[in-house]
Ligand code: NAD
Ligand code: MN
């Protein structure tokens, strides 16, 4: 066992964020003693409510403190009462860029054929990971508007790709593919967006260093179609920040809904941030019906990342068991179970696994 307890920073956030975070922490509390790991939680209050009440946004100095943690966990951010994107940029984008979390890792895995809206698809057909570049593209905020509000208004947003940013993302994806089914698909729009050709060139250049990995490349429109018509063709997808954002909501949909999908914002070897991929879901906030599956799965990814493989696997197996057996019928707001009930079921499953090791 590690001498020092892990220090995990937690940002519950807005809307359903705090609800799903509680359940993820409940499951962590069940798994940790079994795996013999100790941890300490450091909670941060950054949220739209705090901003509305006190005008406080996350200060950039918080980044210094985060660098001393083992990992960060985020529920969700965003509130319709706050100007669009203000809180998401102040917290999430500041952390992603400030800690240089250049990989956004998003597994897409189907646990039961009953969960997917696709016809004639088995769980074995949907098992891919999307590696989304996480610090560049249109999200860098380069651009603006001119002659705002006039008929001659011009709005510009630049897509930025650097050789360094592209190459480190591709290398991460190659290594991931080498540890899986050894197939890497680059998704871009290099035909229409000439700048994205940098992805193709860099891929071709470094591919010989990964001789075990087969590669192909696809335009994003075709990739969207194939994710629906033939998901089994994908193992690891590597793509730009914007396309990864969009394709992973589609990925979440084919695995049974946004409520079940998890992600890691990584800088391999450094403190990284884990979160469900959904937002604060204002339409169901406060109703107690949000699925905590995505948040719990994000906690499993966090544990795996910090090296607590046993705890991570127990949680992953518990989630899979509950969804594939139908005891948790779905990872959306229509499971008939409350957020708390699902969290408790996963925690109980983890404890039971520990009681009867096979
Ligand atoms: P959303 O993900 O919050 O919700 C989209 C739909 O999915 C809604 O119908 C919602 O009810 C449903 N849903 C989401 N999570 C669910 C869960 N766990 N269980 C059951 N159903 C769930 O996306 P949105 O509506 O586009 O955005 C709402 C707010 O969240 C906005 O302010 C947006 O900027 C923010 N947002 C934040 C993050 C983040 O914190 N990382 C990500 C996406 C969106
Ligand atoms: Mn998104």
### Query
Which value, in Å to one decimal place, does the Kirkwood hydrodynamic radius take for the chain when every pair of different Cα atoms is included?
21.0 Å
### Summary
Calculated from DSSP helices alone, with each H run of at least 4 adding -39500 (n - 2.57) and the total divided by the residues of the chain, [θ]222 nm to the nearest 500 comes to -11500 deg cm²/dmol
### Query
By average Cβ neighbour count within 10 Å, what is the ranking of 328-337, 173-182 from highest down?
328-337, 173-182
### Message
Show me the ranking of peptides 199-208, 317-326 by mean Cβ neighbours inside 10 Å, starting with the highest.
### Response
317-326, 199-208
### Spread of Cα-to-Cα distances over 5 Å intervals beginning at zero, given as percent, for region 172-322
2, 8, 14, 18, 20, 18, 11, 6, 2, 1, 0
### Inter-label distance for residue 63 and residue 206, nm, one decimal - labels placed 7 Å from Cα along Cα-to-Cβ
2.3 nm
### Task
Please work out whether region 207-289 counts as rounded, prolate or oblate from its C-alpha gyration tensor, where a ≥ b ≥ c are the square roots of the eigenvalues and a/c under 1.5 means rounded, while otherwise a/b larger than b/c means prolate and anything else oblate?
oblate
### Task
Could you order peptides 164-171, 250-257, 38-45, 21-28 by the average number of other Cβ atoms within 10 Å of their residues, highest first?
21-28, 250-257, 164-171, 38-45
#### Entry: Spacing of the two label points (7 Å from each Cα toward its C-beta) at residue 3 and residue 175, in nm
2.7 nm
### Task
Note the per residue figure in Å³ for the convex hull of the C-alpha positions in region 116-255.
122 Å³
### Query
Which shape class, rounded, prolate or oblate, goes with region 1-126 when its Cα gyration tensor gives a ≥ b ≥ c as root eigenvalues, a/c under 1.5 marks rounded, and past that a/b bigger than b/c marks prolate?
oblate
### Message
Quick check: the distance between the Cα centres of region 298-358 and region 3-41, to the nearest angstrom?
### Response
14 Å
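Read-outs throughout are calculated quantities, based only on the coordinates presented, and are distinct from any laboratory measurement. What you see is a predicted model, and the numbers here were worked out from it, not measured in a lab. Please note: Cβ atoms are built from the backbone with ideal geometry, for glycine as well, and neighbour counts cover all protein chains shown.
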